[in-house]
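Scroll down for the structure; my scribbles are underneath it.
The values are calculated or read from the model by the stated rules, or taken from the named source; none is laboratory data. Given the structure is predicted, the values throughout are model-derived calculations rather than measurements. Here Cβ is always computed from backbone atoms with ideal geometry, including for glycine, and neighbour counts include all displayed protein chains.
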Amino acid sequence: MIDPGRRVLLFSSIGHALMHMMTAFYAVIVLTLAASWNLPAEDLLRLYAPATILLGVMSLPAGWASDRFGAPAMMVVMFLGLGLSSIACGLVPTGDTLALSLALCGIGAFGAFYHSVGIGWVIRTAKAQGHAMGVNGLWGSAGLALYGIVPGVLITLASWRAAFIVPGIVCLVVGAILWMQIRQGKVGDRPMPQAKGTHVGRRDFWRVFSVLSVTMALEGVIWQALMFGAAMVFEVKLAPEISALRGGLASWGVATQIVLWVGLATSMIYVVSGVAQYAMGRRIIDRYPLKATYVVASALQVIAMLALAMGNGYVALLGAIASAVLSAAAGPIENILIARYTPSRYHGLGFGAKFVVAFGAGPLAILLIAWVRETTGSLELLFLGLAATSVLITLVALLLPGSDRDAALPAPRVAPAE
């Protein structure tokens, strides 16, 4: 029989993958949609700005609902809502930007459920938090990797509509399976135990959350700028390399679209970062002080942003990969700190508040991408500014509590659903 904690990790991880893929794949689909609808890619990308607002704002009510109705039930809502919204995107009439924007808002609203619900669910039920967060992060990064591959393949084989509809169907199926597992009592939840040697007070809580509110907001801009800007950067900076690859395959009678290669490049970022996050969960987060790891990752982000801004070809690609790896290191640390310093009965609200801050940066990142690209013709200036932002993040992160708080949590068994 599968351990209840493993079932939780499995469903939460699948949700992490689907959520990240489906809240990011529009950045790749939009390249083909622009040609199909004969509209500028920048204008179509702006249609996703309201969805990114909902991706942040809806995190708080989603967290409240998780505290009120339980994390397992809210995960089912997320799967079903994401699936129906994605299918709706694939069925909009050609050229109907309003209908597309509304359907994208559904993806943003239901995508907001995951981090408020799923992350705390995993941490509460994990025997080894770092390892569980590493596994969960690996699946999340797999979803980000697929956001380039899946639409690229589905567009090549079928159309941009299939790129929305097929993942939507997968979401509906997973949601139905999870609901059956809950009804059978095979999936449940449990309260968060107190960390050994940690006495959490109101002062400690506000110190941690105040510091993380600043760092998470700024990191959110970097993360979203990379997610939505990478495809546009690679379309230009990797043009010679992509042309050579297409030419080589064409000589063998294989015709490929540019969007496929751009999608593969963006996918590579998150394949590498996912493997790195799993390794860090097993070998770093469970073994080394959280604060020190967080500060180092933030400092190295400066170099990654400079490489992405100033490098050409594969140097820019390496900078993007490094940035994603460093973000993959920072995210689980933030989650563990919030779980340890927030009372268990308020975990949903705690994680909801975090992701209001983190994902609230999405609209700003999208608007900055559109404005900088229209003004300068490229995104170099944007990423230079984000290098300076990384310096500020590092300085603020130094205010976090020290390693005396990094005690491991006990891990009682998961209570089955009632």
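Quick notes
- Selection of first residues in segment 362-383 that are closer than 20 Å to residue 306 by Cα and of second residues that are part of a helix (DSSP H, G or I) and of a type in the set (Ser, Thr, Tyr), restricted to Cβ pairs under 7 Å at least 6 apart or on distinct chains, gives the following pairs, ordered by first then second residue: 366/52.
- Selection within segment 298-317 - of a type in the set (A, V, I, L, M) and either modelled with pLDDT of 90 or more or in contact with a strand residue (DSSP E or B) (Cβ under 6 Å, 6 or more places away or on another chain) (or both): 299, 300, 302, 303, 304, 305, 306, 307
- Yes/no for residue 91 being among the hydrophobic types (A, V, I, L, M, F, W, C) and either under 30 Å from residue 339 (Cβ atoms) or touching a helix residue (DSSP H, G or I) at 6+ places or on another chain (Cβ under 6 Å) (or both): no
- Top-ranked residue in segment 337-379 [being part of a loop (DSSP other than H, G, I, E, B) and within 22 Å of residue 75 (Cα to Cα); ranked as modelled with the highest pLDDT]: 342
- The residues of segment 34-48 that are buried (at least 21 other Cβ atoms within 10 Å of the Cβ) and either small (Gly, Ala, Ser) or modelled with pLDDT of 85 or more (or both), listed by number, are 47, 48.
- Residue within segment 114-126 that is in a helix (DSSP H, G or I), closer than 29 Å to residue 230 by Cα and of a type in the set (A, V, I, L, M, F, W, C) present: yes
- Within segment 62-105, considering residues that are in a helix (DSSP H, G or I) and of a type in the set (Val, Ile, Thr), the one surrounded by the fewest Cβ atoms within 10 Å (Cβ to Cβ): 97
- Some residue of segment 308-325 being small (Gly, Ala, Ser), touching a residue at least 24 places away in the same chain (Cβ under 8 Å) and within 24 Å of residue 399 (Cα to Cα): yes
- Candidate set: segment 181-210, residues that are under 27 Å from the mean Cα position of the chain (by Cα) and within 16 Å of residue 70 (Cβ to Cβ); chosen: the one modelled with the lowest pLDDT: 192
- Residue list for segment 142-180, filter: of a type in the set (Gly, Ala, Ser), under 20 Å from the mean Cα position of the chain (by Cα) and over 15 Å from residue 25 (Cβ atoms): 175
- Failed condition for residue 213, given (1) among the hydroxyl-bearing types (Ser, Thr, Tyr); (2) surrounded by fewer than 21 Cβ atoms within 10 Å (Cβ to Cβ); (3) at pLDDT 85 or above: (3)
- Subset tally (residues that are part of a helix (DSSP H, G or I) and either under 26 Å from the mean Cα position of the chain (by Cα) or closer than 23 Å to residue 108 by Cβ (or both)) for segment 221-247: 17
- Residue count, segment 32-42 (criterion: in a helix (DSSP H, G or I) and closer than 19 Å to residue 163 by Cβ): 7
- From 73, 49, 41, residue being more than 21 Å from residue 101 (Cβ to Cβ) and either in contact with a His (Cβ under 6 Å, 6 or more places away or on another chain) or in contact (Cβ under 8 Å) with a residue 24 or more places away in the chain (or both): 73
- For residue 253, the conditions (1) at pLDDT 75 or above; (2) in a helix (DSSP H, G or I) are fulfilled apart from (2).
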